[in-house]
């Protein structure tokens with residue numbers, strides 16, 4: 001199902017040399033491009049955000065006790081204690097993004113090890129590892145994290161926070177990877193590698209895992225998304241260090257503590273909330289792209305009515321999910337520029 | 001039935017492991033983390049004896065070994081004893097939870113059903129009308145899905161409660177209204193207070209059901225039997241119905257993944273609305289370092305989520321005849 005070495009799209013596009021290893025080639029839909037653009041912007045923010053913050057995010061800049069709306073001096077206004085919201089937003093991005101990506105990396109490594117081992121080895125190892133994954137899957141993860149962090153002293157160690165979040169977030173990826181490994185295990189190329197006497201580690205590392213790359217990428221993005229959400233929730237509850245160690249969830253904690261939503265201090269809570277939502281959207285959009293790569297039936301971008309008409313597909317195609325099949329005449333005879341786009345995606 | 005026979009031991013085991021995790025979390029904390037939590041709890045209870053009992057409960061200065069403590073933990077659980085809440089000392093944890101639980105069950109239950117029906121319905125429509133403007137719903141719902149529940153709750157309060165004044169925010173009922181039970185005015189008041197939290201949960205969770213259903217529906221629509229149904233000239237509604245009822249199965253079996261997210265999100269929503277459910281109690285427990293209450297809530301919610309999963313498995317059994325035949 002995933003990527004075979006004879007990925008037809010790659011061959012049809014004429015860009016890949018025949019013997020080249022399969023690459024993760026995302027469909028160039030607006031969804032993916034927007035997602036990628038947003039994600040790069042956020043990564044940049046994580047790197048330079050704290051450096052370009054105009055004020056010290058923790059410094060009380062004036063004596064007045066009411067949050068001030070946006071002004072020329074403070075573009076996003078100030079908080080109750082006259083701290084600069086923009087500076088907090090810029091400084092808080094780094095921790096949020098670092099924790100989420102650390103959680104994603106650690107959880108994906110666990111998921112690959114557990115999922116591929118379970119799928120490839122089968123038998124008792126599979127039973128036990130699947131059981132473990134399923135148990136972690138049904139347990140309410142955020143609640144477990146709240147209890148764990150509730151007992152820990154408020155930490156400002158991003159690595160520790162990310163690792164703990166990863167412990168609760170690997171199971172979904174492991175389950176998907178296991179299922180896919182099961183279907184790869186008995187394919188001819190794996191079989192022949194086994195017959196030629198390659199070691200199990202080499203088969204897993206060189207034959208199986210490369211074919212799982214799109215699914216690994218998808219599970220990585222999913223876990224990063226999960227990491228953003230849970231870290232924000234945990235910081236929002238004040239369970240990690242939230243004052244010198246700024247994060248977007250921490251900003252929401254302080255906003256909530258003076259009922260910003262009731263008092264109309266929108267400039268205080270909308271920027272961090274929006275930032276989390278946009279970061280999550282970026283990851284989810286990229287994930288859509290990977291889903292469409294894995295399962296071409298899901299593609300819809302580029303299949304608008306206008307494009308379909310250009311490709312000679314009737315305007316109504318409730319069942320026409322794979323438009324290439326539905327071209328009435330031989331495709332080569334009817335290729336218009338629009339059709340080519342639909343064809344080779 | 002064989003499927004259930006396989007599932008029941010799994011849920012039993014998960015339950016045991018959840019309790020074991022609950023037991024070990026405070027005991028595996030590094031250094032003085034537990035001491036700090038208990039010191040705070042002791043100052044709330046204002047009774048050295050109670051603090052000593054609590055310390056003993058958590059294994060500090062306890063001559064009994066870990067296995068004995070574990071057995072004692074189980075014994076008190078089986079007696080329905082979850083300990084004493086330190087923040088509302090000396091109320092037992094069970095009665096703190098019992099007061100809050102009905103609010104959460106009603107709110108989260110109703111909101112989950114609404115969002116499942118709504119999300120699945122829209123998902124079917126989006127898949128069927130694929131390639132139309134409905135496709136642009138996807139990125140929009142993605143945004144709502146990615147936004148934290150509590151952020152959406154902030155927005156709902158500012159917009160619908162403060163600016164427009166349509167609904168009340170905060171608490172579960174009018175504090176000046178001492179009516180209880182099913183008096184019409186009281187029911188209307190409770191529903192009025194539940195409207196915004198429910199709206200938040202529905203908006204945030206419907207998107208997940210929608211995307212899942214759309215993807216399944218698209219895959220199902222490619223099956224031969226759907227094509228044949230269409231080719232035979234069956235009415236469109238009937239064709240959609242045939243496809244949808246097969247496409248919905250993974251949504252039901254994917255329930256387990258979703259319900260944990262929805263419940264956790266709903267708990268956070270309650271906090272923003274000061275809704276008198278478990279979520280708000282959890283918040284109180286967290287800010288007051290009320291260890292027994294935190295542990296009790298983790299257990300109760302885990303049991304609830306496991307029960308919801310079991311129900312979903314039953315539903316799957318009823319919906320998919322193949323699972324019955326294989327048994």
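None of the figures in this text is laboratory data; all of them are computed from the coordinates on show. It should be emphasised that the depicted structure is a prediction, and the values quoted were computed from it without experimental measurement. Note that we place each Cβ from the backbone using ideal geometry, even for glycine, and neighbour counts take in every protein chain shown.
More than 15 angstrom separation, counting every C-alpha pair in segment A:177-217; what % is that? Can you show the working numbers first?
Working: 287 of 820 pairs.
For segment A:177-217, the share of Cα pairs beyond 15 Å comes to 35 percent.
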Structure-based [θ]222 nm, chain B - -39500 (n - 2.57) summed over DSSP H runs of at least 4, per residue, nearest 500
-25000 deg cm²/dmol
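What's the Kirkwood radius of segment B:199-327 in Å, using all Cα pairs? List each step's numbers first, then the result.
Working: mean 1/r = 0.0574 Å⁻¹.
Evaluated over segment B:199-327, this radius sits at 17.4 Å.
Two decimals, Cα atoms only, Kirkwood Rh: what is Rg/Rh over segment B:1-134?
Details: Rg = 22.3 Å, Rh = 19.0 Å.
With Rg and the Kirkwood Rh in hand, the quotient comes to 1.17.
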Taking every alpha carbon pair in segment A:58-213, what does the distance histogram look like in 5 angstrom bins from 0, in percent?
2, 8, 13, 13, 12, 11, 10, 8, 6, 5, 5, 4, 3, 1, 1, 0
Would you mind getting the Kirkwood hydrodynamic radius of chain B from its Cα pairs, rounded to one decimal in Å?
22.7 Å
Only Cα pairs within less than 10 Å get springs; with that Gaussian network setup on chain B, which residue of B:80, B:260, B:123 has the largest fluctuation?
B:80
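Can you give the mean number of other chain Cβ atoms that lie within 10 Å of the Cβ atoms in peptide A:240-248? Can you show the working numbers first?
Values: counts 0, 0, 0, 0, 0, 0, 0, 0, 2.
For peptide A:240-248, the averaged partner shielding equals 0.
Given segment A:126-240, report the % of alpha carbon pairs whose separation exceeds 17 Å.
Details: 4095 of 6555 pairs.
Within segment A:126-240, distances greater than 17 Å cover 62 percent of Cα pairs.
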Protection-proxy order for peptides A:213-225, B:100-112, A:90-102, each taking the mean of Cβ atoms within 10 Å per residue, highest first:
A:90-102, A:213-225, B:100-112
May I have the convex hull volume per residue, in Å³, for the Cα set of segment A:197-277?
110 Å³
Span from the segment A:59-106 Cα centroid across to the segment B:259-311 one, whole angstrom
29 Å
Segment B:74-113, convex hull of Cα, quarter of hull surface, nm² -> 3.7 nm²
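When every alpha-carbon pair in segment A:98-163 is counted, what percent end up more than 16 Å apart? Don't skip to the end; give the middle numbers.
Working: 1266 of 2145 pairs.
Of the Cα pairs, 59 percent sit more than 16 Å apart.
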